[in-house]
Structures are given as structure tokens and as C-alpha cells.
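Each reported figure results from applying straightforward, stated rules to the coordinates on display, with no laboratory input. What you see is a predicted model; the values in this text were computed from it and never measured. Cβ placement follows ideal geometry from the backbone for every residue including glycine, while neighbour counts extend to all protein chains displayed.
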Amino acid sequence: MSELCSLRWEQVDFEVGLLHVCRVKHDIPSVHPLRAPELRALRQLQRESDPSPYLLVTERGSPMTAAGFRKILTRVAQLSSIPFSVHPHMLRHACGYNERQ
């Protein structure tokens, strides 16, 4: 989750559709493909957000913290009436990706 909260716009390559991730675990960088829907959503987020080097920021403009993200995700899950507890690590497994391609 710390990789998500620390994502910076410079890590998004809109031209070729890639996301460069600096992994916290084992300090291994990786590159992930971004499809058209993700690129459109990121462009919209960039347009609608106040200028910041970070993708995810608080209302005050500072980078989102892991604890803040966890609280938001928990609240969204409660509002959507999901019948089980939701935690950020579930997002990691929501989409498969093979780094050894």
C-alpha cells in the first residue's frame, strides 16, 4: 500500500501506457502496463486535481498516508454494503500481473 500512496505523476508514462513502481519489499522496481481505461482515469484525475507531484493527495494537498487510504477504503466498503471486511491488501490481488513476462 505504501507504493500506492507514494506514486508520483512522473512514474506514469502516458505515451506508452506504463506505470513504473518502486517496490518497498525487496527494493525491486517493476513496470506495469496501463490499458486505455486506466490511462483515461489517470488523465481525468490529473486534470481535476490540484497540482501535486503525487497521484493520491489529501484535501490539504499532502501525500495520502497508508492509514488515511485504509480509512477511506473501509468507509467506501461500508457505504457499498459489501458483506465482508475489506482491507487494502485485497486490491493487490484484484488484478493479476506476471512480472516475469
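The table for this structure:
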| item | result |
| --- | --- |
| Nitroxide proxy distance, nm - points 7 Å out along Cα→Cβ at Ala66 and Gln46 | 2.8 nm |
| Electrostatic dipole magnitude of the range 2-92 [Cβ: Lys, Arg +1; Asp, Glu -1; Cα centre; debye, to 20] | 340 debye |
| Amide H within-cut-off set for Val57, under 5 Å, with H built and near neighbours excluded | Met64 |
| Given [x] 13.3, 43; [y] 14.5, 40; [z] 13.6, 40, the label whose value is Rg and Dmax of the Cα atoms in Å derived from this model | [y] |
| Theoretical ellipticity at 222 nm over the chain - DSSP helices of four or more residues, -39500 (n - 2.57) apiece, nearest 500 | -9500 deg cm²/dmol |
| Length-normalised contact order for the chain - Cα pairs under 8 Å, 6+ apart - percent | 26 percent |
